[in-house]
Amino acid sequence: MISEINKYLDKLISYYMIDKDSASLFCLDDEIYTNKKEISPEAYYLFEKLNVNSLLITRPDPVVWAIIGELAALYPQVISPRDSESLTFIHDIPVIDVFDKDLVVHALGCRKGCIVKDTGIITTGTVSLEQAFISFSSICFATFVKYFSDFINGLYEYGGIPHPRPDQIEAFLNISPLITPPAGDNPLSKDVPLDEEEIITSMGEAGFSIVGNRLVDSFFGNISYIKGGNIYISQTGASLDELSGPPCQIDCVSLDESSTNDLTSSSELGAHIKIYEYTSDTAILHGHPKFSVIMSMYGPALGFGDTRLVGDIPVVYGEVGAGKHGLIHTLPPAMEESHAAIVYGHGVFCSGKGAFYDAFSRLQSIEVMCYNKYKELVEARLKVNSE
Amino acid sequence: MKDFCLRGLFIDITHKKVRIETLPSDVSRKYLGGRGIGVYLLSKAPTASPLDINAPLVFSTGALTGSKIPASGRMMVSAFSPLTNTISSCSVGGNLAIQMKRAAIDFIHIVGKAKKETIIKICDHDVIFDEIPSLGDMSLGDMFSRFSGFKGSIAAVGRAAIHGCLFASIMVDKSFAAGRGGLGLVMASKGLRAIMIRGSKRPIIHDRGKETKARKDIIRLFDASPAIMGRSGIKRYGTPALVDLIASRRMMPTANFQKTYFNEYKAFSASNIIRSLAVKHHGCYACPIGCKQIGPHHTQIPEYETLSHFGALNENASLASIIQANSICNDAGLDTITAGATISCLAEIRGERYQGKDFVDKVVAMASGKGEGELLQLGSARLAEELKVPEASMSVKSLEMPAYDPRGAYGMALAYCTSTRGACHLRAYPISHEILRKPVAIDRFSFSGKARIIKIAEDLNAVIDSIGACKFAFFGASLEEYANAFSAVTALDYNTDDLLRLGDAIYTLERYINTKRGFTSKDDLLPERFFIQPGTSGPGIEIPPIDRVMFEDTLQRYYKIRGCTPDSILRQDRLKELGIV
Ligand code: SF4
């Protein structure tokens, strides 16, 4: 269990997700394991009261923490993000002023995680620490996206979001320069993988680079490669920075439906298959770059069947999976020409020929474009307002 | 908090007496319904012999049934098992749960023994005892056809139960089984051949708005789950979708668990079934998944467990014989898992193989209880004991293991032993995270953390079985969404953690009853084979024997977490804390 704790502590630190010293990770089997020298009375209490086996108490990185502070001031009891992953998995995020152990127990009894203003984010798991890590990462993503999308939509009076007050604008102007702009380098090889071993290696490298460049938070997104009659695709819930293993988290799925082994494949397998049909490409990357998601939400809310453009990239509506409003119906045709599309409030899908180099470049350039557009739009509006 | 009192029928079948039994609010709030109420009512006669006249037989629904919440049409049948002597409860689908709800009945609590074979007919307030001329060996198929004009739901036992089979099942609406542990024999021992129920009231929902929101949240998660709605999910293929996956993980029990891989598994894989047969889908009441399948001539397509045990466990690659044997089991009311495992046990003892027609012949004998069938009706543990080879029975507490080899998933290995009804995959269902990666993937070849994981999973599944939900729903959704659904339907403001605590109390009460019935840590044992014999390794997958020291260490951790002494006896302070004593 200690190795599990070290693994997630390492991820939190190496991806700059936390304020280093604040992270407390706990696993409980018949006794409590932790990265801390001592087990705090709070941790004992939470484990005593909650039927869980893992606990993560930590402050996120200072930028996200400042954002959470702003949102918590606006929504003192509960923050309700509108991005699609949150609507599906996190629902909403309870907010507590000061660490009151019974309030925390109640909040964590209702939701996967909560925000405690004098402490940080607290998340739990009933199967493994990975759940607590995912929920933490999801809360960071959801609050970031909500903050920036609400701000721009407020400025442009979309979606009934009130125009930011002067103090909110001032806070925004303090926070936004702290954001690291998306990186522009592409570390991937252009060599086409020739056999299964090379495919798995290149998928591993692509997954690792997407996470490393923060184009997705560790456990979301998916990635595939098609060769012959098979699609190699990341498994459901696979961590993109651990795809090639061990254990390998890639399924080889035969297109002729002669096997049902894809029961463990990414929920977007169906969409990937259709994208290959529409584009004749060979590689697909799906990430959740934050400004692409934020820009997809800029403007009136989209519904099933609606589309618009950000730059020359289509934005479509579609829920996760293959349901009647699933992105499987809207995304693949939208990618036919552009080889890329943003799913409203969700993430970016890019395809390319050969190895993952082209798809990665597209993913990255879309995020850079969205980041720049966001800045331009906000600056323009603030300028008009100040005049 | 609104009063929440479960209301049922107490039926004394000996005297044909019926009264309304209303459970106090504190009991109802604590035990929720379904499995919880089953164990509560059984706890009133904790040491009753399974076939004793006063031993209870309980049919109980969960609060969600009748609502718009997806996959909420399941219910439980509970009794003491004649096969294992443990407490036993089986989840069953079909329309029985919704008809009980419409008749405003949360549970039916039956004791006694009818003088003549009886059918109980319940139509809203009316309860009729119909003494019938013995239906004898009539097949369940014929019995259901005979009552096809009845617009409600029927639970019935077949000739296997009438002939004393220790693992006779109860069949509901022809194709849904309360399969494990011989509850059909308990029902037959009461002279009760069938219960027919029809109700006409609309179940009460506390908050329709919240119910709609909860439904939407759950459907969104179903859509996002590959195991449910994915290209190879159970909506499309049913549980046979597991055949390829379990085989590829090298954990498909083969040749009575002597191997873990069957070369010819493709013969009964889901894709082969869909390709070779015209298959239609159906399901439990109001379920959007509809994971059950019907083939040509209304034959039921077997579930994964049956395909695997009638196929790989018996090294039988004849799909036609597997389907035929499954139909015979359904027609006679036989638990297919125990049936397949008992035949494979006999095959190993005799050094023979029963494939194709030979396998079907064994099932026919088993159903009739005649000739060799008399021995086969005992289940593998007693059969192996009789034949002086007790180690050939692949069972825990005399319940045969289902189709996941414990050497391929160590959480499953532990859960087979800690399960309160013997080797059951559904009490903790670790296949969900060890194989299907839901809610997250964990290392199937490690015991690290598994003691608490299994304990929490047991509590969770006790809740699922008590609120009327289906376990398959949890391949996508979580208790968080179902807790909201439960509150919307009942007005009980329970969150995830409140429900898990109640699940803990329900599970602990089951364990407490088993202890009273004489079960100890000596019964929480895997067959020796799994500690000394490797499985069938394959490309990149090693299947070694289970490390006994690690296993026993994890079992001890489990006892500690569950609140037991090292001998698995529940500590008094724990029983007090949970309000059990
Ligand atoms: S998923 Fe299958 S077993 Fe579960 S409720 Fe639906 S039809 Fe019944």
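Before moving on, here are some points about what is shown:
- Segment B:69-122 and segment B:145-204 have their alpha-carbon centroids 8 Å apart.
- For A:Ala73 and A:His325, a Förster radius of 35 Å and the Cβ-Cβ distance give a FRET efficiency of 0.55, rounded to the nearest 0.05.
- Remark: mean inter-chain Cβ contacts per residue of A:109-115 equal 4, using a 10 Å Cβ-Cβ cutoff to other protein chain atoms.
- Average other protein chain Cβ within 10 Å of Cβ, residues A:262-273: 6
- Rolling a 1.4 Å probe over the protein heavy atoms gives segment B:7-198 an accessible area of 30 Å² per residue.
- Of the peptides B:312-322, B:84-94, B:62-72, the order by per-residue mean of other Cβ atoms within 10 Å, starting with the highest, comes out as B:62-72, B:84-94, B:312-322.
- Segment B:7-198: antiparallel DSSP beta bridges as a percent of all, rounded to 5: 75 percent
- The order of the peptides B:266-274, B:480-488, B:7-15 by mean Cβ neighbours within 10 Å, most packed first, is B:480-488, B:266-274, B:7-15.
- Anisotropy class of chain A from Cα gyration tensor, a/c 1.5 cut: oblate
- Computed across segment A:196-377, the Kirkwood hydrodynamic radius from all distinct Cα-Cα pairs reaches 16.0 Å.
- Remark: for residue pairs B:Lys68/B:Lys216; A:Lys324/B:Lys235; A:Lys7/A:Lys101, the C-alpha separation exceeds 19 Å in A:Lys7/A:Lys101.
- Summary value for chain A: 14 percent relative contact order, contacts being C-alpha pairs under 8 angstrom separated by 6+ residues.
- Residues in segment B:494-535 occluded by at least 40 Å² - accessible area, probe radius 1.4 Å, against chain by itself: B:Asn495, B:Asp497, B:Arg501
- Nearest-0.05 FRET efficiency for B:Lys151 and B:Lys280, computed from C-beta distance (R0 22 Å): 0.50
- Compactness relative to 2.2 N^0.38 Å, alpha carbon Rg of segment B:455-560: 1.42
- Cα gyration tensor shape of chain B, rounded if a/c is under 1.5, else prolate or oblate by comparing a/b with b/c: rounded
- The accessible-area loss of segment A:52-68 on complex formation, taken against its chain alone with a 1.4 Å probe, reaches 10 Å² or more at A:Val52, A:Asn53.
- Anisotropy class of segment B:7-198 from Cα gyration tensor, a/c 1.5 cut: rounded
- Using C-alpha pairs below 8 Å separated by at least 6 residues, the relative contact order for segment A:2-178 is 21 percent.
- Under 19 Å from the Cα of A:Lys20 - aspartates and glutamates, other chains or at least 8 residues apart: A:Glu4, A:Asp10, A:Glu38, A:Asp61, A:Asp118, A:Glu130, A:Asp217
- Of the solvent-accessible surface of segment B:486-572, computed with a 1.4 Å probe and all protein chains present, 56% belongs to carbon and sulfur.
- Accessible area (Å², 1.4 Å probe, nearest 10) - B:Met229: 40 Å²
- Sequence of A:Cys110, A:Cys370 from largest to smallest accessible area, 1.4 Å probe: A:Cys110, A:Cys370
- B versus A: buried accessible surface, summed, Å² (probe 1.4 Å, to nearest 100): 4400 Å²
- Ranked packing of B:294-303, A:179-188, most packed first, by mean Cβ within 10 Å: B:294-303, A:179-188
- Calculated FRET value between B:Arg19 and B:Met550, using beta carbons and R₀ = 41 Å, to 0.05: 0.20
- Accessible-area value, B:Arg198, 1.4 Å probe, nucleic acids and ligands omitted, Å²: 110 Å²
- Of the DSSP H helices in chain A, those with a Cα length along their own long axis of 27 Å or more and a mean Kyte-Doolittle hydropathy reaching 0.5 comprise A:129-155.
- Applying the criteria of a DSSP loop state and at most 14 other Cβ atoms within 10 Å to the GluC sites (Glu not before Pro) of segment A:132-199 yields A:Glu157.
- Solvent accessible area, Å² - A:Lys101, 1.4 Å probe, full protein context: 90 Å²
- Contact order for segment A:196-377, expressed relative to its length and based on alpha carbon pairs under 8 Å spaced 6+ residues apart, stands at 21 percent.
- Put B:Ser276, A:Ser149 in order of accessible area, highest first, and with a 1.4 Å probe you get B:Ser276, A:Ser149.
- Kirkwood-type hydrodynamic radius, segment A:130-193: 14.8 Å, calculated from all non-identical alpha-carbon pairs.
- Segment B:356-410 - percent of accessible surface contributed by carbon and sulfur, probe 1.4 Å: 53 percent
- Accessible carbon and sulfur surface of chain A relative to its total accessible area, %, 1.4 Å: 53 percent
- Accessible area in the full protein assembly, largest first, 1.4 Å probe, for B:Tyr559, A:Tyr344: A:Tyr344, B:Tyr559
- Within 10 Å of the Cβ of each residue in A:239-250, the mean number of Cβ atoms contributed by other protein chains is 1.
The values are calculated or read from the model by the stated rules, or taken from the named source; none is laboratory data. The model shown is predicted, which means the values in this text are computed figures rather than measured ones. Using ideal geometry, Cβ is built from the backbone for each residue, glycine included, and neighbour counts are taken over all protein chains shown. These area figures cover heavy atoms from the full protein model, side chains too; ligands, DNA and RNA do not enter into them. Shrake-Rupley method; radii C 1.70, N 1.55, O 1.52, S 1.80 Å.
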